[in-house]
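The values are calculated or read from the model by the stated rules, or taken from the named source; none is laboratory data. Please read all numbers here as calculations on a predicted model, not as lab measurements. Neighbour counts are summed over all protein chains in view; Cβ atoms, including those assigned to glycine, are modelled from backbone coordinates with ideal geometry.
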Amino acid sequence: MDGTQGSGSERDEQARLSALQSYRLLDRPKPAVLDDLTRLASSMFDTPMAAVSLVDRDRQWFAGSVGLGEPQTQLDVSFCAHVVPQAQPLIVPDATRDQRFATYSNVVGQPGIRFYAGAPIIDEDGYTLGALCVIDDKPRDVTDRQVENLVAFAGQAATHMTAIRTRMRMSDLGDELARASQREDDLVATITHELRTPVASIQGYLELLGDQDDLAPYRRLIEPIHRNGQRLVAMVDHILAGTRPAGAPIPDHVGTVDLVTVVAAAVNACRPLISQRPASVEVHAVDHVPIRADLTRLAHAVEQILRNALLFTPVDRQVLIAVQGGRRPSVEVNDHGIGIPPDEMPYVFDRFFRGAHAREHAVPGVGLGLTIARNIVETHDGTLTVTSTPGGSTARISLPGTV
């Protein structure tokens, strides 16, 4: 073979890099959908760091991330670069005990990586563009079910990226709907970037200060600042999600996911509230309920419903979640709380509506949870219903099956 043409592997890598460039995600503000996906993965796996890492020629670019201060790193310290050639999940329980990674600067220094789990992001043409990974500064193991979930998250990342590329191409061709959707996504990405970048920097410095032994007397002051920074970002995200214009186009970020995984992600997102309760949250579900959905958005809808149930149910009373399959898969959240007065029922889906109990008892929230949940469910061609008695409320999401 003529050496000037390069080897087959070199040509394959050139084709992969060309495919990566076609998504136009490198050196651009992180799309909100990919940031949201990494935050969900971080919550689901209980890790401080997660990323959608795109492996370029000599670097990895984080198209979505949480807990990582830099937008990119060189490939010589990239765990995700090891995922690309094999196109298989990579699990590293303790990087200090793995000769491939023990000397990496991000292992021996900050952020002190110990645990890494990454699944390949493979596009519809079969190119491995990078990996969705979750990272911890403590060693740990994962179950087979967790690896399955990680693969599902990576599949969602690929679906999101394909939708972004398609919309950009349609926008280039003059499609007004695609342009409107792209303008909205760009606006949300810019707002969240301008907010999260300084807050993430503040949070990072606060964590460094919290680790200093000589500053131990001040940790009681540092922790509330850190917590309220997280609340600030969450509140802005919440308002952005709940005030989307009624006629705004909503991208079709869907793939086959497990409804049980969606519910598990929502429960994990509510873990801080659940941990404050002596009564448990019980989930009754079959093993697998496949649906076509945007994992991040649907998990956010279930989270809003569960959060409401927790906030309006006395801490000594149980909250039950039932997941059912069949032709119309469903999620039902049953609480034993105060119930919704009949005169308030017609308004529970209205934006910014807060009932008398919420106002009188200063229940946290701005009255957008059920609005957001219904909007998300309806974009999935599903329905959300709420019924109530003085003994509690039931919220039921019904979705189309995969057949």
(message) Suppose we keep only residues that are in a strand (DSSP E or B) and in contact with a His (Cβ under 6 Å, 6 or more places away or on another chain) within the range 251-297. Which one would you say is surrounded by the most Cβ atoms within 10 Å (Cβ to Cβ)?
(response) ALA293
(request) Please work out which one of (1) in contact with a Lys or Arg (Cβ under 9 Å, 6 or more places away or on another chain); (2) modelled with pLDDT of 95 or more; (3) of a type in the set (D, E, K, R) is the condition ASP98 fails and give its number. (result) (1)
(message) Any residue that is hydroxyl-bearing (Ser, Thr, Tyr), more than 21 Å from GLN86 (Cβ to Cβ) and under 11 Å from the mean Cα position of the chain (by Cα) - is there at least one of those in the range 15-26?
(response) no
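Scan the range 91-108 residue by residue and report those that are assigned to a helix (DSSP H, G or I) and either hydroxyl-bearing (Ser, Thr, Tyr) or surrounded by 14 or more Cβ atoms within 10 Å (Cβ to Cβ) (or both). Write out each step before concluding.
The first filter runs over the range 91-108 and keeps only residues assigned to a helix (DSSP H, G or I), leaving 95-97, 105-108.
Answer for the range 91-108, where residues must be assigned to a helix (DSSP H, G or I) and either hydroxyl-bearing (Ser, Thr, Tyr) or surrounded by 14 or more Cβ atoms within 10 Å (Cβ to Cβ) (or both): ALA95, THR96, SER105, ASN106, VAL107.
Taking THR47, is it in a loop (DSSP other than H, G, I, E, B) and surrounded by 19 or more Cβ atoms within 10 Å (Cβ to Cβ)? Break it down into steps so the answer makes sense when it comes.
Values: in a loop (DSSP other than H, G, I, E, B): yes; surrounded by 19 or more Cβ atoms within 10 Å (Cβ to Cβ): yes.
So THR47 fits the description; yes.
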(request) Could you list, in sequence order, all residues of the range 72-90 that are loosely packed, with under 15 Cβ neighbours inside 10 Å and either part of a strand (DSSP E or B) or in contact with a Phe, Trp or Tyr (Cβ under 7 Å, 6 or more places away or on another chain) (or both)? (result) GLN74
(request) Could you give me the residue pairs with C-beta distances under 8 Å whose first residue belongs to the range 27-40 and is in the same structural domain as CYS133 (by TED's automatic domain parsing) and of a type in the set (Val, Ile, Thr), whose second residue is surrounded by fewer than 24 Cβ atoms within 10 Å (Cβ to Cβ) and at pLDDT below 85 wherever it lies, and which are 6+ apart or on separate chains? (result) VAL33/ASP185; VAL33/PRO251; VAL33/HIS253
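So which of PRO139, PRO111 is touching a Gly at 6+ places or on another chain (Cβ under 9 Å), assigned by TED's automatic domain parsing to the domain that holds MET44, over 16 Å from GLN86 (Cα atoms) and in a loop (DSSP other than H, G, I, E, B)?
Numbers: PRO139 fails: touching a Gly at 6+ places or on another chain (Cβ under 9 Å).
Answer to the check: PRO111.
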(request) Consider only pairs whose beta carbons are under 8 Å apart and that are at least six residues apart or on different chains; among these, list those whose first residue lies in the range 120-147 and is surrounded by fewer than 13 Cβ atoms within 10 Å (Cβ to Cβ) and whose second residue is in a strand (DSSP E or B). (result) LYS138/PHE115
(request) Tell me which of these ARG277 doesn't satisfy, since it passes every other one: (1) basic (Lys, Arg); (2) farther than 21 Å from LEU368 by Cα; (3) in contact (Cβ under 8 Å) with a residue 60 or more places away in the chain. (result) (3)
(message) Can you report the number of residues in the range 314-337 which are touching a residue at least 40 places away in the same chain (Cβ under 8 Å) and over 22 Å from ALA285 (Cα atoms)?
(response) 1
(message) Out of everything in the range 152-181 that is hydroxyl-bearing (Ser, Thr, Tyr) and either over 20 Å from ALA41 (Cα atoms) or over 21 Å from the mean Cα position of the chain (by Cα) (or both), what residue ends up being modelled with the lowest pLDDT?
(response) SER181
(request) From the list SER42, SER22, SER53, pick out the single residue that is among the small types (Gly, Ala, Ser), modelled with pLDDT of 90 or more, over 17 Å from MET161 (Cβ atoms) and surrounded by 13 or more Cβ atoms within 10 Å (Cβ to Cβ). (result) SER42
(message) Residue under question is GLY69, and the condition is that it be touching a Pro at 6+ places or on another chain (Cβ under 9 Å), part of a loop (DSSP other than H, G, I, E, B) and surrounded by fewer than 18 Cβ atoms within 10 Å (Cβ to Cβ); does it hold?
(response) yes
